[in-house]
Ligand SMILES: Cc1cc2nc3c(=O)[nH]c(=O)nc-3n(C[C@H](O)[C@H](O)[C@H](O)COP(=O)(O)O)c2cc1C
């Protein structure tokens with residue numbers, strides 16, 4: 001798929017068929033996503049793939065305040081926990097912050113990686129949606145996340161059962177400022 005077409009036609013997919021997601025394809029998606037840019041090429045993003053009982057545990061324990069996400073995860077074939085290695089992106093070697101954004105570059109890098117992942121999934125004919133509303137501690141516990149890693153976001157993945165219309169976008173004129 002052509003890049004601009006891929007960017008414009010990717011949609012958040014919240015309903016999936018019962019078809020399993022091929023692990024080979026997941027590896028192909030991550031093979032593409034690992035080319036996303038990152039702070040000093042630190043490549044801190046990691047992908048923990050949940051299916052079956054592990055996914056069910058997360059659906060049952062990690063979305064107390066948001067039933068919509070819990071139902072979606074319980075019905076989807078696969079859930080990706082996007083994690084990151086702490087204290088690399090945005091940090092100096094001595095452990096101090098490089099910029100005023102302090103540790104926020106970690107999440108910035110994961111955001112870029114998440115979009116690269118979702119675009120690659122779309123190119124492979126799979127649907128995805130990034131989830132930001134979840135109980136981070138419950139996720140960390142469910143996947144036995146090592147202390148040196150954090151949870152950035154979740155990505156639900158599967159074969160799309162719907163073909164949603166794009167939510168309205170702002171006009172370019174509202175978004176851009178040219179200065180000289
Ligand atoms: C950081 C982030 C967090 C999000 N969290 C959720 C979520 O918790 N649940 C959900 O259904 N969608 C979530 N979304 C999906 C957005 O609602 C969606 O991207 C937006 O409405 C635009 O639709 P589109 O992705 O189809 O273009 C999230 C997206 C992003 C980037």
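Below are the figures for this structure:
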quantity: Residue list for the stretch 118-141, filter: surrounded by fewer than 21 Cβ atoms within 10 Å (Cβ to Cβ) and under 27 Å from residue 64 (Cβ atoms); calculated: 129, 130, 132, 133, 135, 136, 137, 138, 140, 141
quantity: Strands (runs of 3 or more DSSP E) completely within the stretch 68-172 that count 1 or more residues being touching a strand residue (DSSP E or B) at 6+ places or on another chain (Cβ under 6 Å) and more than 12 Å from the ligand (Cβ to nearest atom); calculated: 78-85, 149-158
quantity: Positions within the stretch 73-96 being farther than 30 Å from residue 56 by Cα and in contact with a helix residue (DSSP H, G or I) (Cβ under 9 Å, 6 or more places away or on another chain), in sequence order; calculated: 87, 88, 89, 90, 91
quantity: Residue in the stretch 45-52 that is farther than 18 Å from residue 126 by Cα and either in a strand (DSSP E or B) or in contact (Cβ under 8 Å) with a residue 24 or more places away in the chain (or both) present; calculated: yes
quantity: In the stretch 36-55, residue surrounded by the most Cβ atoms within 10 Å (Cβ to Cβ) [restricted to those that are in contact with a helix residue (DSSP H, G or I) (Cβ under 9 Å, 6 or more places away or on another chain) and closer than 21 Å to residue 93 by Cβ]; calculated: 45
quantity: Test result for residue 48, within 16 Å of the ligand (Cβ to nearest atom) and within 18 Å of residue 20 (Cα to Cα); calculated: no
quantity: Scope the stretch 7-25; condition more than 16 Å from the ligand (Cβ to nearest atom) and in a loop (DSSP other than H, G, I, E, B); matching residues; calculated: 17, 18, 19, 20, 21, 22
quantity: Lone unmet requirement of (1) over 19 Å from the mean Cα position of the chain (by Cα); (2) touching a residue at least 12 places away in the same chain (Cβ under 8 Å); (3) away from the ligand (no atom under 16 Å from the Cβ) for residue 180; calculated: (2)
quantity: Residue within the stretch 63-70 that is loosely packed, with under 11 Cβ neighbours inside 10 Å and within 22 Å of residue 138 (Cβ to Cβ) present; calculated: yes
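Listed here are the residues, each with its yes/no results for (1) modelled with pLDDT under 95; (2) under 14 Å from residue 130 (Cβ atoms).
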{"position": "56", "(1), (2)": "no, no"}
{"position": "64", "(1), (2)": "yes, no"}
{"position": "70", "(1), (2)": "no, no"}
{"position": "79", "(1), (2)": "no, yes"}
{"position": "82", "(1), (2)": "no, yes"}
{"position": "98", "(1), (2)": "no, no"}
{"position": "117", "(1), (2)": "no, yes"}
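The values are calculated or read from the model by the stated rules, or taken from the named source; none is laboratory data. Everything numeric in this text was worked out from a predicted model, so none of it was measured. Cβ: placed from backbone, ideal geometry, glycine included. Neighbour counts: every protein chain shown.
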